[in-house]
Amino acid sequence: NKWQDYTLIDATDGFRLESWGDVILVRPDPQVVWKLPQKSPLWNKAHAVYHRSSAGGGQWEYKKSFAQQWTINYEDLKFKVSPTGFKHTGLFPEQATNWDWFSKLIAEEVAQGKEVKVLNLFAYTGGATLAAAAAGAHVTHVDAAKGMVAWAKENAVSSGLKDAPIRWLVDDCVK
């Protein structure tokens with residue numbers, strides 16, 4: 001676990017209790033199928049709770065004031081975090097295990113003088129893109145949402161990867 005600013009504090013009955021820097025969020029997660037007692041007292045101290053709507057989507061209930069966007073760190077990578085209207089925050093921290101795995105493979109190839117190219121489809125705000133670029137890969141980042149690609153570019157700049165060999169494409173991967 002190389003997260004400096006993210007912690008999964010607790011999870012039960014379809015919800016995750018997470019700290020994102022100094023901000024504590026409660027988000028629904030259909031993968032959390034077990035029902036255990038809410039052991040952490042932080043369940044009652046969350047800054048915001050996302051409530052799903054029976055009609056689809058949902059909304060955040062803000063219990064405490066906090067900045068609507070902030071930065072968290074994973075090793076040398078920096079990511080802007082912001083609660084979105086779809087319960088997301090702009091980052092899937094559980095993917096860091098994958099970033100570590102392929103970053104090691106990329107770095108080994110680059111150390112042998114090989115050029116590594118990575119195609120990141122449905123690339124969202126760039127977690128995998130930045131991890132691959134930081135390891136030395138040439139990356140093509142593709143997402144259909146212009147705003148997500150812009151957000152990924154912001155994360156690249158924050159992470160010191162502004163001039164990394166990343167090709168940014170706004171396009172529908174399925175098409």
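Could you check what % of the DSSP bridge pairs in the chain are antiparallel, to the nearest 5?
Numbers: 23 of 35 bridges.
Taking every DSSP beta bridge with both residues in the chain, the antiparallel ones total about 65 percent.
GNM on the chain, alpha-carbon springs under 10 angstrom: the most fluctuating residue among 63, 80, 35 is 35. Shape analysis of region 6-110 based on the Cα gyration tensor places the equivalent ellipsoid semi-axes at 27, 17, 14 Å, largest first. The distance between label points at residue 84 and residue 44 comes to 3.4 nm (points 7 Å beyond Cα on the Cα→Cβ vector).
Per-residue ellipticity at 222 nm computed for the chain from its helices equals -6500 deg cm²/dmol, with DSSP H segments shorter than 4 residues left out and the rest contributing -39,500 (n - 2.57). Accessible area per residue was computed with a 1.4 Å probe on protein heavy atoms; residue 163 scores about 140 Å².
Within the shell defined by Cβ-Cβ distances under 15 Å, the residues around residue 127 carry a net charge of -3, with Lys and Arg each +1 and Asp and Glu each -1. Under a 5 Å amide H cut-off, with hydrogens placed 1.01 Å from N, residue 11 pairs with 17 among residues at least 5 apart or on other chains. Given their separation in residues at 0.36 nm each and the Cα-Cα distance between them, residue 52 and residue 100 gain 14.1 nm when the chain is fully extended.
How much length, in nm to one decimal, is gained on full extension between residue 146 and residue 36, taken as 0.36 nm per residue of separation minus their Cα-Cα distance?
Values: separation 110, 0.36 × 110 = 39.60 nm, distance 3.99 nm.
Contour length minus the Cα-Cα distance gives 35.6 nm.
Each 10 Å bin from 0 upward holds the following percent of the Cα-Cα pairs of the chain: 9, 34, 34, 18, 5, 0. For region 17-41, backbone nitrogen atoms closer than 11 Å to the point 7 Å from residue 61 Cα along Cα-to-C-beta are found at no residue. Across q = 0.11, 0.14, 0.20 Å⁻¹, region 91-175 modelled as identical point scatterers on its alpha-carbon atoms has Debye log10 I(q)/I(0) values of -0.26, -0.43, -0.86, in the order of the q list. Compared with the dominant principal axis of the Cα atoms in the chain, helix 146-158 is inclined by about 70°.
Net charge near residue 154: determine it from the other residues with C-beta under 12 Å of the C-beta of residue 154, scoring Lys and Arg +1 and Asp and Glu -1. So the environment of residue 154 carries a net charge of +4. Build a GNM of the chain with springs between Cα atoms under 10 Å apart, and of 164, 67, 107 the one that fluctuates most is 67.
Working with all protein chains in place, sort 125, 84 by solvent-accessible area computed with a 1.4 Å probe, largest first. Mind showing how you got there, number by number?
Values: 125 0, 84 30 Å².
Listed by decreasing accessible area, they come as 84, 125.
The values are calculated or read from the model by the stated rules, or taken from the named source; none is laboratory data. If you're wondering where the values come from, they're calculated on a predicted model, not measured in any experiment. Cβ sites come from the backbone with ideal geometry, for glycine too, and all protein chains shown count toward neighbours. Note: accessible area is taken over every heavy atom of the protein model, side chains too, but ligands, DNA and RNA are not part of it. Shrake-Rupley method; radii C 1.70, N 1.55, O 1.52, S 1.80 Å.
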